[in-house]
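*Asks:* Okay, here's the structure, questions in a sec.
The values are calculated or read from the model by the stated rules, or taken from the named source; none is laboratory data. For clarity, every value in this text was computed on a predicted model and none was experimentally measured. No Cβ is skipped: glycine too gets one built from the backbone with ideal geometry, and neighbour counts run over all protein chains shown.
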Amino acid sequence: MNIAVPLAAGVILSLSLTPLARRLALRLNLIDRPVERSSHSTPIPFGGGFAIFVSFWLATLILQWPPAPPLLGMLIGSFILMIICSLDDRYDLPALPRLGAQMGVGLIAYAFGVRVVQVSNPLQGMLGPEYIFMGALEIPVTVLWITFIVNAVNWLDGLDGLAGGVSSIAAMTLALVAASGDHAATVVVPAAALAGAALGFLRYNFNPASIFMGDVGAMFLGYMLACLSVIGAVKQPTALVLVVPLLVLGLPIYDSAMTILQRLRSGRPIYHPDRAHLHHRLLDSGLSTREAVLFMYGITGLLCMIALGVWLR
């Protein structure tokens with residue numbers, strides 16, 4: 001399965017559409033004005049998520065038509081999520097409606113075949129069989145995985161180029177994993193196109209950013225990474241069906257888990273915004289924005305290289 005074509009298509013479309021999205025955001029007054037926990041000091045338009053969304057789906061559907069049922073479900077779910085996120089970017093919706101929408105699009109993905117059917121047992125040989133079948137837990141596990149990754153990537157979107165760069169590395173790794181597995185036809189094209197769309201957007205989003213992706217882009221990237229990791233790795237018939245997605249998405253998973261634990265320990269709501277994320281701690285340690293972002297790219301790249309190495313072995 002050729003990875004280069006959807007990757008290039010995603011990059012070219014994103015490079016072309018992001019300036020248009022920026023002009024549209026300025027016209028619609030979609031502006032992110034800095035607050036106390038912001039890393040930027042001047043107002044920045046945040047319509048880049050629309051460019052990522054359109055670039056990805058154009059590249060994917062042109063190269064893979066008609067879409068397979070899982071991809072069709074992701075198209076429907078991501079479109080609904082885009083509408084909700086657009087409202088959130090404009091009106092700052094409360095946490096519960098956003099959470100309900102995320103779980104709803106997770107159910108849509110499940111209905112079209114994006115399902116965590118089984119995972120490998122990390123204690124196999126000592127306790128239990130080689131595989132753990134979800135059974136009645138199939139729906140909640142799938143929906144919770146998608147919801148968690150959507151929020152993990154969204155929370156990662158705190159520095160110029162951070163969420164886009166980490167997502168492009170993760171998506172390319174999923175494409176490479178899928179190319180050697182049983183779901184190549186379903187995963188390689190969209191995963192490579194997603195990497196390309198995020199990579200092209202970085203031309204305008206890397207520090208100093210001229211446009212942000214907003215919730216539309218961050219939650220879209222999280223949704224697609226969550227779904228593609230389920231199809232491309234979690235359902236593979238190997239003992240690595242748990243290891244690969246956890247490594248590939250290790251940085252956003254770690255950041256979100258530690259942030260949630262810290263907020264719970266301090267008695268604050270999980271969705272209460274603060275400076276508890278890893279990128280905030282890196283900035284507070286004295287790193288510049290670019291240094292912090294490149295450091296987190298490096299961690300993601302290392303985890304993805306380990307995932308590829310373990311998979312290929």
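*Asks:* Taking segment 176-197, which residues are of a type in the set (Gly, Ala, Ser), at pLDDT below 90 and in a helix (DSSP H, G or I)? Break it down into steps so the answer makes sense when it comes.
*Replies:* Going residue by residue through segment 176-197, those that are of a type in the set (Gly, Ala, Ser) are 178-181, 184-185, 191-193, 195-197.
Now drop any that are not at pLDDT below 90, which leaves 178-181, 184-185.
Result: 178, 179, 184, 185.
*Asks:* Which ones in segment 293-310 are within 17 Å of residue 277 (Cβ to Cβ) and either in contact (Cβ under 8 Å) with a residue 24 or more places away in the chain or among the basic types (Lys, Arg) (or both)?
*Replies:* Of everything in segment 293-310, those that are within 17 Å of residue 277 (Cβ to Cβ) and either in contact (Cβ under 8 Å) with a residue 24 or more places away in the chain or among the basic types (Lys, Arg) (or both) turn out to be 293, 296, 297, 299, 300.
*Asks:* For residue 122, state whether it is modelled with pLDDT under 85 and under 26 Å from residue 312 (Cβ atoms).
*Replies:* On the way: modelled with pLDDT under 85: yes; under 26 Å from residue 312 (Cβ atoms): yes.
Yes; evaluated as a whole, the condition is true for this residue.
*Asks:* In segment 266-286, how many are farther than 18 Å from residue 248 by Cβ and surrounded by 16 or more Cβ atoms within 10 Å (Cβ to Cβ)?
*Replies:* Just the residues of segment 266-286 that are farther than 18 Å from residue 248 by Cβ, to begin with: 266-277, 279-286.
Imposing the further condition that a residue be surrounded by 16 or more Cβ atoms within 10 Å (Cβ to Cβ) reduces the set to 276-277, 279-280, 282-283.
Qualifying residue count for the region: 6.
*Asks:* Tell me which residues, restricted to segment 76-99, are part of a helix (DSSP H, G or I), of a type in the set (A, V, I, L, M, F, W, C) and surrounded by fewer than 18 Cβ atoms within 10 Å (Cβ to Cβ). I'd like the intermediate steps shown before the answer.
*Replies:* Kept after step one, since they are part of a helix (DSSP H, G or I), are these residues of segment 76-99: 76-91, 95-99.
Right, trim to of a type in the set (A, V, I, L, M, F, W, C) and you get 76, 79-85, 87, 95-96, 99.
Scanning segment 76-99 gives 76, 79, 80, 83, 87, 95, 96, 99.
*Asks:* So the check is Cβ under 7 Å with 6+ separation or different chains; which pairs have a first residue in segment 61-85 that's free of Cβ contacts under 8 Å to residues at least 24 places away in the same chain and a second one that's aliphatic (A, V, I, L, M)?
*Replies:* 67/61; 67/75; 84/101
*Asks:* Kindly evaluate residue 259 against the criterion of being surrounded by 14 or more Cβ atoms within 10 Å (Cβ to Cβ) and touching a His at 6+ places or on another chain (Cβ under 7 Å). Walk me through it before giving the result.
*Replies:* Details: surrounded by 14 or more Cβ atoms within 10 Å (Cβ to Cβ): yes; touching a His at 6+ places or on another chain (Cβ under 7 Å): yes.
For residue 259, the condition - surrounded by 14 or more Cβ atoms within 10 Å (Cβ to Cβ) and touching a His at 6+ places or on another chain (Cβ under 7 Å) - is met.
*Asks:* Being of a type in the set (Phe, Trp, Tyr) and in a helix (DSSP H, G or I) is the filter; apply it to segment 50-75 and report the residue that is farthest from residue 164 (Cα to Cα). First the steps, then the outcome.
*Replies:* Filtering segment 50-75 down to residues of a type in the set (Phe, Trp, Tyr) leaves 50, 53, 56-57, 65.
Pick out the ones that are also in a helix (DSSP H, G or I) and you get 50, 53, 56-57.
Details: 50: 13, 53: 12, 56: 13, 57: 16 Å.
Per the criteria, the residue is 57.
*Asks:* Scan segment 7-49 residue by residue and report those that are modelled with pLDDT of 95 or more and crowded, with 18+ Cβ neighbours inside 10 Å.
*Replies:* 7, 9, 10, 11, 13, 14, 15, 17, 18, listed by residue number.
*Asks:* Kindly indicate which of 194, 199 is buried (at least 24 other Cβ atoms within 10 Å of the Cβ) and either aromatic (Phe, Trp, Tyr) or in contact with a helix residue (DSSP H, G or I) (Cβ under 7 Å, 6 or more places away or on another chain) (or both).
*Replies:* On the way: 199 fails: buried (at least 24 other Cβ atoms within 10 Å of the Cβ).
So the residue among 194, 199 that is buried (at least 24 other Cβ atoms within 10 Å of the Cβ) and either aromatic (Phe, Trp, Tyr) or in contact with a helix residue (DSSP H, G or I) (Cβ under 7 Å, 6 or more places away or on another chain) (or both) is 194.
*Asks:* Consider segment 155-164. How many of its residues are surrounded by fewer than 24 Cβ atoms within 10 Å (Cβ to Cβ) and assigned to a helix (DSSP H, G or I)?
*Replies:* 1
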